Amino acid sequence: MEFSIKNGNPEKQRNACVVVGVFDHRKLSAAANAIDKAANGYLTGLLRRGDMEGKLGSTLLIHNVPGTLCDRVLLVGCGKEREFREREYRQVVRASVKALDGTGAADAASFIAELPVKRRDLDWRVSQVVEITADEIYRFSHPNCKKAGEAPNLNKLIVNVPQRNNLAPAEVALKRALAVADGVQFARDLGNLPGNICTPTYLAEQAQQLANTYGVKIEVLERADMEVLGMGSLLSVARGSRQPPKFIVMQYSKGKSNQKPVVLIGKGITFDAGGISIKPAAEMDEMKFDMCGAASVLGTMKAVARMELPINLVVIVPTCENLPDGDANKPGDVVTSMSGQTIEVLNTDAEGRLILCDAMTYAERFEPDVVVDIATLTGACVIALGHHASGLFSNDDSLARDLLAAGEAAWDRAWHMPMWEDYQEQLKSNFADMANIGGRAGGSITAACFLSRYAKKFDWGHLDIAGTAWKSGKEKGSTGRPVPLLTQFLISRA
Ligand code: BES
Ligand code: MN
Ligand code: ZN
C-alpha cells in the first residue's frame, strides 16, 4: 500500500475514488460541498431523496458524479458535527477503508483528514488515516498456515490536507506513521504465528534478521549463558520445555554517546500452557499470544530504526515456553533469581514475572535512564480494564505520566493503576523472599508489585497488555499494541 500527501480540489482528482465526509442531517463537509458545487447540487439532490443521512460510519458509493474527474465518490457518514471527536474520526476512517476495500477502486483520494477534530492537529489526523488503513487491510498469511489470498484492490491512498503552501509537516507525520504501521504489522505477524512455528528460536532468528536489515547490534544468549549469569528464575520456567530458551538483547545507538538508554523488555512466552498448574483447555490456543510483549518491543525497534530516531534504545526479550513436564517447575519449588532474591513458585502459571525479573536484573548493566516492560501478564488486568486500555504501573509518577500521554497521543491508551506498598504483603512467603502470586485480589497489581522488587535501581514502567494485545472470537488475532504507544513515547524523548 502506497500513501502520499497532497493538497488538491476534490472535484479535480483523477482517481478511482474520492472520499468525502457528510455529517448528520445531510450536512456536507467542505470537500463534499466542493463536489456538490461542481456537480450542480447532485449530492444534495441524492441526499434529499434519503439515500444517506450522514449517520456515523454509514457509507454511500456513487458513480459518475457530474462535474468530477474521478470514477466514484464515496460519501462517509460522520454523525453529529458537534460530537465529532477522536473516536468518531477513527470510525469514519475505518468505515471508509472498509467500503473502499469492497469496490474495484485501486487508488483513492481521501479528504477525511481535512475534517477538524477537537484538540487534534493535522499530524494526528494524517497518522490515524495511515495507521487505521494499514490495520484494516492487514491479512495474516504464512505458507504453512493460511496462504496469501489475492492482494486487495486498493493499493494507493492519497491523503489530502488543507495546508496549501506547506505540506512538509504532514509529510513528516506520514513518514512516522508508515514506520509505526510497519512495526505494528511486524508485531501482529509474530503474534499471529502458531506456537509450533513461533518458538523462542524463531523469535531469535527474526530479531537477528531485523538487526541485519537495520544495522542494530544484537546478542542472543543461550541456556548455558543464562546459567552462568544465574538466571535461575527464567531457567526454571524453561525447564518444562523441549525448546531451548533464548535471551535476545538488541542495542540501537543513534543517540548521544553519553545518553543513558531506554530499555524495553518484552515477555516472550511463545506458548503458555500454565505448566504443572495447567490451564483449562478452553481457549488455551490463545496462549500462543503470550509473546505479544516480545513482538511489541521488536516491532518498536523496527519502527524506531526505520525512522532513524536519534535515541539510545535497548530491547530485551526473554523467551521460552511454559509447559508441563517431568522436569517442569512444581508448585512449592523455590528458585533463585539473578538478583539473588529467592522465589517460591506457588503457581507455575504465574511464569511471566519469573522470566521478566531476570531480564530486569540483566538490564541494570546498561545503566538505563528508564526501563519499561511489556507483558501479557495477568488475566486479572483484563477483568479490571477490559480490552480498551493497557494497565500501566510505575515506580515513578513522572514516567507514568509520560507513558500515559504517549498512549493518549497515539490513541493506544493505557490506564494508571495503583501500586501502593500496602499490596506488597500479599507476596509474603514462609519459604522464600517472596511468592510468585499474591492471591485473587488485585491480581494485576500484585504481579506489578512482584516486578517492582527487581526495579530498585532505575525508573521503571510496566504495561500489562493482556487485554489489548490480541482480539478473541471472530476477529481473533493480534493487534500490534502497544507499538504505537511505545514509539510515541520514544519520539517524545528524542
Ligand atoms: N499469560 C497469562 C496471562 C493471561 C491470561 C493473559 C489470560 C491473557 C488472558 C499469565 O502467564 C498467567 O497465566 N497469569 C495467571 C496468574 C495467576 C496464576 C496469578 C492468570 O492471570 O491467571
Ligand atoms: Mn501463565
Ligand atoms: Zn503467561
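Please treat every number below as a calculation from the coordinates, not as lab data. Computed from a predicted model, the values in this text were never measured in an experiment.
Amide H contacts under 5 Å for Phe3: Leu157, restricted to partners 5 or more places along the chain or on a different chain, H placed in the peptide plane at 1.01 Å from N. Legend: P(r) of the stretch 2-161 from all alpha carbon pair distances, 5 Å bins from 0, whole percents, reading 2, 9, 20, 22, 21, 13, 7, 3, 2, 1, 0. Applying the Karplus relation 6.51 cos²θ - 1.76 cosθ + 1.60 with θ = phi - 60° to the stretch 23-28 yields 3J(HN,Hα) values of 7, 3, 6, 6, 7, 7 Hz, where x marks Gly and Pro.
Computed per residue of the chain from DSSP H runs no shorter than four, each worth -39500 (n - 2.57), the mean residue ellipticity at 222 nm is -11000 deg cm²/dmol.
Residues in the stretch 294-303 carry Karplus couplings, in order, of 4, 4, 5, 6, 5, x, 5, 4, 4, 4 Hz; the curve used is 6.51 cos²θ - 1.76 cosθ + 1.60 with θ = phi - 60°, and Gly or Pro positions show x. Say the cut-off is 27 Å between C-alpha atoms; which of Lys288/Lys474; Lys267/Lys330; Lys279/Lys474; Lys217/Lys471; Lys147/Lys217 go over it? Flagged as over cut-off: Lys217/Lys471; Lys147/Lys217. For the stretch 245-344, pairs of C-alpha atoms spaced more than 15 angstrom apart make up 70 percent of the total. Taken one residue at a time, the phi angles of the stretch 324-341 give Karplus couplings (6.51, -1.76, 1.60, θ = phi - 60°) of x, 5, x, 9, 6, 3, 10, x, x, 4, 10, 10, 10, 6, 4, 6, x, 6 Hz. Gly and Pro are set to x.
Near Ile265, the amide H atoms lying under 5 Å from its own belong to Ile316, Val372, Asp373, Ile374; only residues 5 or more places off or on other chains count, and H is placed 1.01 Å from N. Once the gyration tensor of the Cα atoms in the stretch 345-494 is diagonalised, the equivalent ellipsoid follows with semi-axes of 24, 20, 13 Å, ordered largest first. Here's how it looks for Thr348: its modeled amide H is under 5 Å from those of Ser277, which are all 5 or more places away or on a different chain.
Cα centroids of the stretch 237-269 and the stretch 410-488: how far apart, whole angstrom? Using only Cα atoms to place each centre, the spacing works out to 18 Å.
Taking a ≥ b ≥ c as the square roots of the Cα gyration tensor eigenvalues, the stretch 181-493 comes out rounded, since a/c falls below 1.5.
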